[in-house]
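The structure under discussion appears below in the form of structure tokens.
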Amino acid sequence: MDKLKINLPKQVNEIIKVLQEHGYEAYAVGGCVRDSALGRKPEDWDITTSATPEETKALFHRTFDTGIEHGTVTVLLDHEGFEVTTYRVDGDYEDNRHPKEVTFTRNLREDLLRRDFTINAMAYNEKDGLVDVFGGMHDLEAGVIRCVGNARQRFSEDALRILRGVRFAAQLGFEIEEDTRSGMRELADTLQNISAERIQIELIKMLTSKRPGLLKDAYDLGITKQFLPEFDQMMETDQETPHHMYNVGEHTLHAMENIRADKILRLTMLMHDMGKPKMKTIDANGRAHFKKHAVESESIAKNVLRRLKFDNDTLHKVCKLVCYHDYRMPAEAANVRKAMNKIGEDLFPYYMEVRRADVLAQSLYQREEKLSNLDAIEKLYCEILEKKQCVSLKDLAVTGKDLIEAGMKPGKEIGDKLEEMLGIVLINPEKNTKEALLKTLHI
Ligand SMILES: Nc1ccn([C@@H]2O[C@H](COP(=O)(O)OP(=O)(O)OP(=O)(O)O)[C@@H](O)[C@H]2O)c(=O)n1
């Protein structure tokens with residue numbers, strides 16, 4: 001266990017050695033040690049040291065203050081930046097905009113004790129090898145997420161850790177240890193104090209992990225209620241229809257697991273049915289209906305994405321896909337061209353993935369028909385691309401300028417006419433020539 005050998009990047013080694021030569025301790029720490037032990041390539045390398053930020057800055061030519069109030073200095077070597085943080089005893093991992101008072105220490109063990117989970121509380125350098133005082137390697141091997149020391153204390157230091165715990169379980173396929181779980185449950189409501197930006201980062205990491213279905217665990221622990229009560233409502237809405245075998249929330253979890261790990265796709269599946277709880281009606285036969293739920297889901301998705309401070313590009317794409325997730329059509333080329341126009345050429349392939357994942361998370365009722373309809377639509381879509389057929393104004397054979405030259409007055413009518421011509425071309429692609437389209441002007 002303690003023979004773990006990590007190939008530290010040469011700059012990390014150099015920073016550690018310079019600090020050591022000047023009488024300080026220094027180690028690679030946290031996620032990079034965890035990922036190396038798992039045989040994964042770390043995303044970034046963090047260094048922890050007994051030197052204060054001022055002492056670190058005095059030893060390197062090029063540094064800048066990344067989060068000096070948190071004790072973090074970035075050292076630049078070979079045009080790359082490496083974060084070097086002074087040992088700390090407070091577990092304050094808040095974003096830099098809301099710094100709390102931070103206490104530094106010269107003791108590595110105390111620093112590790114304040115980290116979130118045992119698997120994230122290991123340090124490494126070439127001189128001492130692995131420093132693993134809280135059984136991180138044991139938990140990595142056993143596949144366990146366990147808080148370092150007292151779980152309630154760790155979560156009180158930073159409530160985001162409650163969500164991080166589920167995120168790591170989802171990413172690594174690990175189980176959450178019992179006491180850590182009960183700490184999460186007890187303190188779940190303190191997640192309310194965490195900024196939307198920090199929640200968003202963890203949520204995306206979790207949704208794009210190999211087990212997005214673990215959101216169910218977050219629901220069971222009272223976690224989703226704190227920042228995504230819309231998901232709880234779905235978990236509490238049954239679907240009494242032959243098309244479904246799960247309630248709305250469970251269907252959502254399956255739909256997420258049936259689609260590839262892409263941020264836009266997973267967010268779309270998470271929110272595609274959020275309008276169902278509100279739109280549910282039951283007919284005289286006891287059968288549930290969810291008319292117009294897609295439009296309602298779109299409006300809820302917009303609110304949720306704004307609340308969680310997502311960027312406009314993500315908001316636009318996800319809302320569009322949510323709005324069209326239930327858009328069905330007979331598999332005929334003209335319908336597919338019209339749908340490509342409505343949904344957008346860039347989003348249409350996503351739309352097909354969304355439809356398929358949705359169907360696969362439904363009951364077997366009419367599944368074969370639904371899937372063969374999607375197969376046929378996909379085939380038509382490929383043919384349309386191959387033949388480079390026009391599905392939007394940018395590929396129309398005439399422009400506004402052509403219409404003016406043909407005698408039309410500049411103004412709104414030009415736009416209307418172009419749309420009308422596009423309508424013709426979507427039905428009959430062979431009419432996409434200047435000659436054929438200008439002829440329609442004189443009818
Ligand atoms: N709320 C937090 C955030 C971070 N950490 C500590 O800081 C390290 C680095 O945090 P971060 O970069 O956020 O996460 P990683 O563990 O590196 O994981 P990932 O790269 O997957 O986000 C963690 O390993 C952990 O030791 C912590 O104790 N509590």
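Within the set of pairs 6+ apart or on separate chains, which have a first residue in segment 426-443 that is touching a residue at least 60 places away in the same chain (Cβ under 8 Å), a second that is charged (D, E, K, R), and C-beta atoms under 6 Å apart?
Pairs that qualify, where the first residue is touching a residue at least 60 places away in the same chain (Cβ under 8 Å) and the partner is charged (D, E, K, R), are Leu426/Arg337; Leu426/Lys338.
Out of all the residues in segment 18-42, which are over 18 Å from Thr72 (Cα atoms) and either surrounded by 14 or more Cβ atoms within 10 Å (Cβ to Cβ) or without any contact (Cβ under 8 Å) to a residue 24 or more places away in the chain (or both)?
Of everything in segment 18-42, those that are over 18 Å from Thr72 (Cα atoms) and either surrounded by 14 or more Cβ atoms within 10 Å (Cβ to Cβ) or without any contact (Cβ under 8 Å) to a residue 24 or more places away in the chain (or both) turn out to be Glu21, Gly23, Val33, Arg34, Asp35, Ser36, Ala37, Gly39, Arg40, Lys41, Pro42.
Of all residues in segment 168-179 being acidic (Asp, Glu) and not in a helix (DSSP H, G or I), which is surrounded by the fewest Cβ atoms within 10 Å (Cβ to Cβ)?
Glu175
Scan segment 55-76 and tell me whether some residue there is crowded, with 22+ Cβ neighbours inside 10 Å and in contact with a Leu (Cβ under 8 Å, 6 or more places away or on another chain).
Within segment 55-76, one or more residues are crowded, with 22+ Cβ neighbours inside 10 Å and in contact with a Leu (Cβ under 8 Å, 6 or more places away or on another chain).
Just one of the numbered conditions (1) more than 36 Å from the chain's Cα centre (by Cα); (2) assigned to a helix (DSSP H, G or I) is not true of Val398; which one?
Condition (2) is where Val398 drops out.
Run down Met122, Met137 and say which single residue is crowded, with 16+ Cβ neighbours inside 10 Å, away from the ligand (no atom under 13 Å from the Cβ), within 30 Å of the chain's Cα centre (by Cα) and modelled with pLDDT of 95 or more.
Met137
For segment 34-96, which fully contained strands (runs of 3 or more DSSP E) count at least 3 residues that are within 28 Å of Phe168 (Cβ to Cβ) and within 12 Å of the ligand (Cβ to nearest atom)?
46-49
In the list Leu403, Leu393, which residue meets the criterion of being closer than 18 Å to Leu347 by Cα, in contact with a Leu (Cβ under 8 Å, 6 or more places away or on another chain) and surrounded by 14 or more Cβ atoms within 10 Å (Cβ to Cβ)?
Leu393
Mind listing whichever residues of segment 15-33 are within 16 Å of the ligand (Cβ to nearest atom) and in a helix (DSSP H, G or I)?
Gly31, Cys32, Val33
Could you tell me which numbered condition Glu101 fails, if it satisfies all but one of (1) within 13 Å of the ligand (Cβ to nearest atom); (2) of a type outside the set (Ser, Thr, Tyr); (3) in a loop (DSSP other than H, G, I, E, B)?
Exception for Glu101: condition (1).
The values are calculated or read from the model by the stated rules, or taken from the named source; none is laboratory data. Bear in mind the structure is a predicted one, so any value in this text is a computation, not a measurement. As a convention, Cβ positions derive from the backbone with ideal geometry for all residues, glycine included, and neighbour counts pool all protein chains shown.
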